[in-house]
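Comments concern the structure below.
The values are calculated or read from the model by the stated rules, or taken from the named source; none is laboratory data. It should be emphasised that the depicted structure is a prediction, and the values quoted were computed from it without experimental measurement. Glycine also receives a Cβ, built like all others from the backbone with ideal geometry; neighbour counts cover every protein chain displayed. With ligands, DNA and RNA removed, areas are computed over all heavy atoms of the protein, side chains included. Shrake-Rupley method; radii C 1.70, N 1.55, O 1.52, S 1.80 Å.
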Amino acid sequence: MKMDYLVRDIKLAPSGHLKIDWVKEHMPVLNEIRKEFEKTKPFAGKRIAVSIHLEAKTAYLGKVLKAGGADVAITGSNPLSTQDDVAAALVEDGLKVFAWYNATTEEYFDHLGKVLDTEPDIVIDDGGDLVNMLHNEKTHLLPKIIGGCEETTTGVLRLRAMEKEGLLKFPMIAVNDAYCKYLFDNRYGTGESVWTGIMRTTNLIVAGKTVVVAGYGWCGKGIAMKAKGLGAKVIVTEIDPIKAIEAHMDGFTVLPMDEAAKYGDVFITVTGCKDVIRGRHYKVMKNGALLANAGHFDVEINKPELLEGAKGKRVVRQNIEEFEMPDGRKIYLLAEGRLVNLAAGDGHPAEIMDMSFALQALSAKYILEEGKKLEKKVYRVPEEIDKKVAEIKLNSMDTSIDKLTPEQEEYLYGWKHGE
Ligand code: NAD
Ligand code: SAH
């Protein structure tokens, strides 16, 4: 018999159910979509493979897809962000679950493979691991795939690179690029959850510290804004002159990392790039410097060079490794340099993932309905879907906005103003 799940301990399910019930109360948009899906069953007879950080909000997305008639197979998108109790609860809820916390690299890819072996029609990915595996190892599954959706910035960049080289084998929706995604998830979600992760992991104060934020994209803006709100002095490093001007005009000090490395008490990388903090930077850092990453992948902070330059390493607290330098300085790495908000926290708050995952659910429905007509390209989320999510969210926040009068509409969008 084919195993329908691989989780650490199915007996953990009760606490997982409680976590899912809690987030569900704070995800009004997804609740609305679930009700719609329960009636219309858009995914009846279809299989969906999901790889997103397997914690309670993702679990609820899985349940909503199932409520829409889909046969859902799910795994995590980072070995340290899976929550074993949530994974167990989802098995009881009838999903095919392959994931556990702290999976080895081999286990992590085995879990991804098992999800794909369910022969999905649609894939929902976060960072590109599922899509990559489909294009390289599991090409025999490609003919059945209608298309998919990608959750994050780096995943979308990779897909665009594949499309440019003519390698993409099915249409993908760039969920990350919807307004209701990056403006809220990347900025406010990352901004808040990165600090929640750092503060609960270190139990140290932020006020008065010098925080270096590497990358002033949507995530970096959120992290820097919250750092300022917490009373930190903020330095930003960038490679893009326009982003650097934005950071400067937002009131932050802009420096190259070679300089910033000397001043920071806390360093947060969120660039999607590699080696942003590396060997020569560790040499000039202050004693006690804390290093955290919030970008894709665990290569933004160069770990091999940190280890190479150190005379010793030990775990000093859960999710904190201490590296002792030859001159006695100590540098601390949080969550193994993996996404600190998810590996050492629960990730973005429920109200934020409500919008991101509503976009995922509606984009999956869109790809099912329209996928066969689309080219093997990366597409934006249709404007109507973005608007629908925004409208339901605004209603749920008990907030309303003005409506244009016919005269205003003519004035704004017409051209015969003087007549
Ligand atoms: P973005 O493209 O808006 O911003 C990235 C910024 O980093 C850009 O301004 C770019 O110029 C800058 N940059 C690139 N290389 C750099 C370098 N070497 N030094 C300094 N700056 C550099 O992307 P984003 O939406 O802010 O996402 C950033 C990363 O975070 C991506 O990998 C994304 O997938 C990931 N992400 C993580 C979370 C999370 O929950 N932790 C949430 C959303 C996105
Ligand atoms: N596999 C990559 C993925 C980058 S994750 C890696 O591990 O580096 C970045 C994505 O995580 C964001 O786009 C965001 O939407 C998502 N995310 C943040 N908080 C989350 C949460 N609580 N649950 C599920 N996904 C979350």
Rg in Å to one decimal, and Dmax rounded to a whole Å, for segment 19-146 via C-alpha atoms: 14.1, 41
Segment Trp415-Lys41, extension gain: residue separation times 0.36 nm, minus the distance between their alpha carbons: 130.2 nm
Portion, in percent, of the accessible area of segment 151-271 that falls on carbon or sulfur, probe 1.4 Å: 60
Contour minus Cα-Cα distance for Ala161 and Asp250 (0.36 nm per residue): 28.9 nm
Cα gyration tensor shape for segment 27-70, rounded if a/c is under 1.5, else prolate or oblate: oblate
All-pairs alpha carbon distance profile, the chain, 20 Å steps from 0, percent: 26, 54, 18, 1
Beta bridges per DSSP with both ends in segment 249-389, % antiparallel, nearest 5: 55
Potential extension, Glu391-Glu375 segment - 0.36 nm per residue separation minus Cα distance: 2.8 nm
5 angstrom amide H check on Cys149, placed H, neighbours 5+ away: Val123, Ile124, Asp125, Ile173
Within straight-line cross-link reach of Lys311, lysines at Cα separation under 30 Å, skipping those fewer than 8 residues along the same chain: Lys209, Lys262, Lys274, Lys283, Lys286, Lys303, Lys330
Ordering of 372-383, 140-151 by burial proxy (mean other Cβ atoms within 10 Å per residue, highest first): 140-151, 372-383
Max mean-square fluctuation residue, GNM over the chain, Cα-Cα springs under 10 Å, options Ala214, Ala174, Ala103: Ala103
Cα gyration tensor category, rounded, prolate or oblate, for segment 203-303 with a/c compared to 1.5: rounded
Shape call, segment 229-271: gyration tensor on alpha carbons, a/c limit 1.5: oblate
Under Karplus coefficients 6.51, -1.76 and 1.60, residue-wise ³J(HN,Hα) of segment 135-147 in Hz, glycine/proline x: 7, 10, 9, 10, 5, 5, 8, 4, x, 7, 6, 7, x
Solvent-accessible area of Trp195 with every protein chain in place, 1.4 Å probe, in Å² to the nearest 10: 10
Label-to-label distance, nm, for residues given as Glu384 and His135 (7 Å Cα→Cβ offset): 3.0
Selection from Val194, Ile173, Ala207, by position along the positive dipole direction of segment 173-239 (Cβ): Ala207
Separation of alpha-carbon centers, segment 343-393 and segment 199-237, rounded to whole Å: 29
Size of charge dipole - segment 82-160 - debye, nearest 20, with Cβ of Lys, Arg +1 and Asp, Glu -1, no other charges: 400
Within-15-Å neighbourhood charge of Lys46 [Cβ basis; K, R +1; D, E -1]: +2
Solvent-accessible heavy-atom area per residue, rounded to whole Å², over the chain at 1.4 Å: 47
Rounded Å value of the spacing that divides the Cα centres of segment 32-62 and segment 122-195: 17
Label-to-label distance, nm, for residues given as Thr405 and Glu119 (7 Å Cα→Cβ offset): 6.2
Rounded to 5, the percent of DSSP beta bridges in the chain classed as antiparallel: 20
Debye, to nearest 20: dipole size of the chain, +1 on Lys, Arg Cβ, -1 on Asp, Glu Cβ: 680
Base-10 log of normalised Debye intensity for segment 78-195 (one unit scatterer per alpha-carbon) at q = 0.12, 0.13, 0.17, 0.21 Å⁻¹: -0.50, -0.59, -1.00, -1.31
Segment 101-205 - charge dipole about Cα centre, Lys and Arg +1 at Cβ, Asp and Glu -1, debye rounded to 20: 300
